[in-house]
1. Could you check how many residues of segment 94-115 are surrounded by fewer than 16 Cβ atoms within 10 Å (Cβ to Cβ) and either at pLDDT 95 or above or assigned to a strand (DSSP E or B) (or both)?
2. Return a yes/no flag: does segment 42-59 have any residue that is in a helix (DSSP H, G or I), crowded, with 16+ Cβ neighbours inside 10 Å and out of contact with any Phe, Trp or Tyr (no Cβ under 7 Å at 6 or more places or on another chain).
3. Take the residues of segment 1-60 that are of a type in the set (S, T, N, Q) and closer than 17 Å to residue 95 by Cβ: which is farthest from the chain's Cα centre (by Cα)?
4. Taking the criterion of being part of a strand (DSSP E or B) and small (Gly, Ala, Ser), would at least one residue in segment 15-29 satisfy it?
5. Exactly one of (1) touching an Asp or Glu at 6+ places or on another chain (Cβ under 6 Å); (2) in contact (Cβ under 8 Å) with a residue 12 or more places away in the chain is unmet by residue 70. Its number?
6. Residue 31 versus (1) surrounded by fewer than 17 Cβ atoms within 10 Å (Cβ to Cβ); (2) under 16 Å from residue 64 (Cα atoms): which is the lone unmet condition?
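The values are calculated or read from the model by the stated rules, or taken from the named source; none is laboratory data. All figures in this text were calculated on a predicted structure; none of them were measured in a lab. Using ideal geometry, Cβ is built from the backbone for each residue, glycine included, and neighbour counts are taken over all protein chains shown.
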Amino acid sequence: MISGRLSVRTQPWLGDHVLGGTAFFPGTGYVELAVVAGHLVGCTRIDELTLAAPLVLLPDEDIQVQVTVGGPDQEGLRELEIFARTQDTGAEWTRHAAGRVGPCGPASERDTADFAVWPRRAPSCSRSTACTRRRPGPGRASARLPA
């Protein structure tokens, strides 16, 4: 399990994802939490991630976040859940997302890069594999080359 805290006061960019005047934790934030938690247990691929409930971010409240990752099944996939609650209120935990993370291909092909190092080195691709390539600016492109 990993845990942390979200706060619009200390992380003002969180208040930028607004719908109808209310700030929400963005979907990409759940992806980032899943990627980091997966990486910590050797899983560099999100197999599935389903959002279950929106996470409202109020300007004067801190939010506790927990990400749990289960043990591997026969295919190496691990169940993942993302929970949150208002800090220090004793409120019940709400499950906001659930899914699975897993290894990427055979052990010899798994990404062992440290996510704390940025920018990451460019991956190598062969004609029979998929790859992701970083562009000079923000974002990325994915491509599957024909065999």
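1. Matching residues across segment 94-115 total 2.
2. Among the residues of segment 42-59, not one is in a helix (DSSP H, G or I), crowded, with 16+ Cβ neighbours inside 10 Å and out of contact with any Phe, Trp or Tyr (no Cβ under 7 Å at 6 or more places or on another chain), which makes the answer no.
3. Only one residue fits best here, namely 3.
4. yes
5. Status for residue 70: all satisfied but (2).
6. Going through the list (1) surrounded by fewer than 17 Cβ atoms within 10 Å (Cβ to Cβ); (2) under 16 Å from residue 64 (Cα atoms), residue 31 breaks only (2).
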